Amino acid sequence: MLRNHWLEVLAVVAVLTYVGVFLATTMMNPTAEFAGSDTRGSQQISQITGIPEEDFHPLIPQWVPPSGEIESALFTLQAAVGGIVLGYVFGSWRAQRRYGVAPAPAHNLDTNV
């Protein structure tokens, strides 16, 4: 049974490992603030250079969503599209292995034409 469902077992082990690491880190330091890397990097740069964070401007101007809800919706849409693409790729790999279908060639390599 384990041989047939090794991918599912691997996924369960990965999720349990993630949950364990998360719980261990939060129990070791319950008052910690988990800031993003952008925030920490900006703070470090402003400490090193002495220029306040507000004076930093990106080289390429970025579009800022009008509200947090729109930003969350765009992030969710991005995650959904990525999940669909990954699901399609893994599903096609599994179907190829299960049914023994070789992938179609991208182009004809016959030079006798």
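The values are calculated or read from the model by the stated rules, or taken from the named source; none is laboratory data. Since we're looking at a predicted model, the values are computed, not measured. Neighbour counts run over all protein chains shown; Cβ positions are idealised from the backbone, glycine included.
Tabulated results
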{"quantity": "Matching residues, region 11-27, being modelled with pLDDT under 90 and surrounded by fewer than 10 Cβ atoms within 10 Å (Cβ to Cβ)", "calculated": "Met27"}
{"quantity": "Filter result for Gln43 (without any contact (Cβ under 8 Å) to a residue 24 or more places away in the chain, in contact with an Asp or Glu (Cβ under 9 Å, 6 or more places away or on another chain) and not assigned by TED's automatic domain parsing to the domain that holds Gly91)", "calculated": "yes"}
{"quantity": "Number of the exception - Thr39 against (1) loosely packed, with under 10 Cβ neighbours inside 10 Å; (2) modelled with pLDDT under 85", "calculated": "(1)"}
